[in-house]
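The block underneath contains the structure these notes are about, expressed in structure tokens.
The values are calculated or read from the model by the stated rules, or taken from the named source; none is laboratory data. Computed from a predicted structure; not experimentally measured. Cβ placement follows ideal geometry from the backbone for every residue including glycine, while neighbour counts extend to all protein chains displayed.
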Amino acid sequence: MRKILAAALGVLTASGLGAMTASALPPAGPAATATANDFVFQSIDGKPMPLSAYRGKVLLVVNTASFCGFTPQYKALQKLHESFEARGLVLIGVPSNDFGGQEPKSDSEVKTFCEGAFGITFPLTSKTHVRGGDAHPFYAWASTVLGSMNAPWWNFHKYLVGRDGKLVTAFGTRTEPQSAEIVKAIEAELAKPAPSASLAP
């Protein structure tokens, strides 16, 4: 009987039905109670950029690069920003040189390129690490909460944050910013009421 049970468990584990990976487990410790409002970036102009400044907004945080095959997504991101900003969406670009060395220029050069080539008006951070041991705390937190399988593997990875500051989901590089999948998810979060000041973390 024990052999039969062991064999059954082995089949379940092999099929992925009976085993929970670390990324599937709920986060423990500080990550479980943290929200995006707890993190501070540096703006591309060198000033503090606390995400708490966008409390009650829906955030789409995207790691970007200027010399990538996916760089044209900047155009779609700007259109997304223009379409939903008035309803409470804040799109945040996070330039990063982590993937293929495709963001090698200085912050000022990145800003000039984004504004000149794509007319970008949404907030940009300074160049930031988004993976590995040097990853910005926001990205380390997001990887813990949603699991490493949902962490950036290339430029233009997208994290959606709800009005309550909690991570909702992630979209991979190949998911276009104006895809039905992303637009539907954004609209669903915008439809939710912002938390009252007394309940905000």
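Considering only region 99-112, I want to know if a residue exists there that is of a type in the set (Lys, Arg), assigned to a loop (DSSP other than H, G, I, E, B) and over 15 Å from the mean Cα position of the chain (by Cα). It would help to see each step written out before you state the result.
Applying the first criterion (of a type in the set (Lys, Arg)) to region 99-112 yields 105, 111.
So of that shortlist, the ones also assigned to a loop (DSSP other than H, G, I, E, B) come out as 105.
Filter once more, keeping what is over 15 Å from the mean Cα position of the chain (by Cα): 105.
Yes, there is a match, as at least one residue in region 99-112 is of a type in the set (Lys, Arg), assigned to a loop (DSSP other than H, G, I, E, B) and over 15 Å from the mean Cα position of the chain (by Cα).
Condition check: assigned to a helix (DSSP H, G or I), at pLDDT 95 or above, within 27 Å of Gly46 (Cβ to Cβ) and among the hydrophobic types (A, V, I, L, M, F, W, C). Does Ala135 satisfy that? Write out each step before concluding.
Numbers: assigned to a helix (DSSP H, G or I): no; at pLDDT 95 or above: yes; within 27 Å of Gly46 (Cβ to Cβ): yes; among the hydrophobic types (A, V, I, L, M, F, W, C): yes.
In short, no.
Any residue that is among the hydroxyl-bearing types (Ser, Thr, Tyr) and in a loop (DSSP other than H, G, I, E, B) - is there at least one of those in region 151-170?
From region 151-170, those among the hydroxyl-bearing types (Ser, Thr, Tyr) are 159, 169; that's our starting set.
Then keep just the ones that are in a loop (DSSP other than H, G, I, E, B); that gives none.
No, region 151-170 contains no residue that is among the hydroxyl-bearing types (Ser, Thr, Tyr) and in a loop (DSSP other than H, G, I, E, B).
Condition (residue is surrounded by 19 or more Cβ atoms within 10 Å (Cβ to Cβ), in contact (Cβ under 8 Å) with a residue 12 or more places away in the chain, at negative phi and charged (D, E, K, R)) applied to region 86-102: is it met by at least one residue?
yes
Which residues, counting only those in region 149-174, are among the small types (Gly, Ala, Ser) and within 16 Å of Phe99 (Cα to Cα)?
Here is the first cut: in region 149-174, the ones among the small types (Gly, Ala, Ser) are 151, 162, 165, 170, 172.
Ala151, Gly172 - these are the residues of region 149-174 that are among the small types (Gly, Ala, Ser) and within 16 Å of Phe99 (Cα to Cα).
Given the residues Val130, Val145, Val90, which is the only one that is part of a strand (DSSP E or B), in contact with a helix residue (DSSP H, G or I) (Cβ under 7 Å, 6 or more places away or on another chain) and either under 27 Å from Ala180 (Cα atoms) or modelled with pLDDT under 95 (or both)?
On the way: Val130 fails: part of a strand (DSSP E or B); Val145 fails: part of a strand (DSSP E or B).
So the residue among Val130, Val145, Val90 that is part of a strand (DSSP E or B), in contact with a helix residue (DSSP H, G or I) (Cβ under 7 Å, 6 or more places away or on another chain) and either under 27 Å from Ala180 (Cα atoms) or modelled with pLDDT under 95 (or both) is Val90.
Just to be sure I understand the filter: pairs with C-beta atoms under 7 Å, separated by 6 or more residues or on different chains, first member in region 180-199 and on the phi > 0 side of the Ramachandran plot, second member at pLDDT 95 or above. Which pairs pass?
Correct list of pairs: empty, since none qualify.
So which residues in region 113-127 are under 23 Å from Thr35 (Cβ atoms) and either assigned to a loop (DSSP other than H, G, I, E, B) or of a type in the set (A, V, I, L, M, F, W, C) (or both), if there are any at all? First the steps, then the outcome.
The initial filter retains those residues of region 113-127 that are under 23 Å from Thr35 (Cβ atoms), namely 122-126.
If the condition is that a residue be under 23 Å from Thr35 (Cβ atoms) and either assigned to a loop (DSSP other than H, G, I, E, B) or of a type in the set (A, V, I, L, M, F, W, C) (or both), then Phe122, Pro123, Leu124, Ser126 are the ones that fit.
Give the residue, chosen from Pro27, Pro50, that is under 19 Å from the mean Cα position of the chain (by Cα), at pLDDT 95 or above and surrounded by fewer than 18 Cβ atoms within 10 Å (Cβ to Cβ). Give the steps one after another, and end with the answer.
Values: Pro27 fails: at pLDDT 95 or above.
Only one candidate passes the filter, namely Pro50.
Taking the residues in region 151-178 that are free of Cβ contacts under 8 Å to residues at least 40 places away in the same chain and over 30 Å from Ser108 (Cα atoms) as candidates, determine which candidate is surrounded by the most Cβ atoms within 10 Å (Cβ to Cβ).
The extreme case among them is Val168.
Do you know which residues across region 112-147 are out of contact with any His (no Cβ under 8 Å at 6 or more places or on another chain), under 20 Å from Gly100 (Cβ atoms) and surrounded by fewer than 17 Cβ atoms within 10 Å (Cβ to Cβ)?
Passing the criteria: Ala117, Gly132, Gly133, Asp134.
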